[in-house]
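Read through the structure below, which is laid out as structure tokens, and then see the notes.
Read-outs throughout are calculated quantities, based only on the coordinates presented, and are distinct from any laboratory measurement. Keep in mind the model is a prediction, meaning the values are calculated, not measured. Here Cβ is always computed from backbone atoms with ideal geometry, including for glycine, and neighbour counts include all displayed protein chains.
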């Protein structure tokens, strides 16, 4: 399944499968990361037709952006999309800062680390408690007019904050936690986003590995956010997903990713990866064509969430 998706009202188009890069240089977030593995992850994504790299200042306090910046020098910049994010203020204990001056400086700093002259999508990573959201977005509108960014996003914003940020219809994309076992965004955000032509990008789409099939019924203690009944129903659902996967000669994770790719309410799904083999495996989801029946079946398996 190839094709591209358009990001909000912007001119940015992307493959429906991207790469989340918090494990690329994100030494402050994960133990035991190696920069060379991170570089290989980015390279494999681009080589395998994954056309969006999703990064952030917070991933290694700029290191993820630097690794991506090094790798992309060998690629045609027009053939892929870079999304980055900022809000955490290094001068204030990494507290969120949406001040226009700070956001503009953050764009400039990210451009230098990424060694590129534009960023396709720039997100305000987290809301702060003081800056009017429309004012923060307006700073990014100015960066867009200057050609430094091409689309404006907000991440981890509540519906009310999204509405405030989108006062002048300038928000192109929202990123938030969403998966088949964490579907609040469908109820809380999707109606507004659809009405205003705002794209949606889910993070943690594989629910910290739960939706890959690598965990067993004995692993519930690793997922305390679910009751034992919920966990059992997830395991039962994944047994059925495994049957669908076998028909497609695919893995459970590939089928789950293909489900997001098929869903018209989701623009780009961005699973992360620690090593290149994981990226290579995820990329195969682009070639899986779920039937309408299979899509509905998977939807129904997880509809209690």
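Remarks
- GNM result for the chain, Cα springs below 10 Å: residue of 183, 113, 217 fluctuating most strongly: 217
- Packing order of peptides 33-39, 6-12, 172-178, highest average first: 172-178, 6-12, 33-39 (average count of other Cβ atoms within 10 Å over each peptide's residues).
- A convex hull fitted around the alpha carbon atoms of region 55-94 yields 59 Å³ per residue.
- Shape parameters for region 1-59, alpha-carbon atoms, Rg then Dmax in Å: 13.2, 40
- The chain, relative contact order in percent, only Cα pairs under 8 angstrom and at least six apart counted: 21
- Angstrom value of the Kirkwood radius, inverse mean 1/r, which spans all Cα pairs in region 97-256: 17.9
- Per principal axis, descending, Cα span of the chain in whole Å: 52, 41, 37
- Using a Gaussian network model of the chain in which every pair of alpha carbons under 10 angstrom is joined by a spring, one finds that among 184, 93, 282 the greatest mean-square fluctuation is at 93.
- Approximate shape of region 235-305 as ellipsoid semi-axes (Cα gyration tensor, √5λ), whole Å, largest first: 19, 14, 12
- Nearest-0.05 FRET efficiency for residue 194 and residue 134, computed from C-beta distance (R0 25 Å): 0.75
- For region 1-139, the extents of the C-alpha atoms along the principal axes are 42, 39, 24 Å, listed from largest to smallest.
- Each Cα pair under 8 Å and six or more residues apart adds its sequence gap; the mean of these over the residue count of region 88-167 is a relative contact order of 33 percent.
- Estimated FRET transfer efficiency when R0 is 41 angstrom, pair residue 217-residue 146 (beta carbons, to 0.05): 0.15
- Cα Rg over Rh - region 183-254, Kirkwood: 1.06
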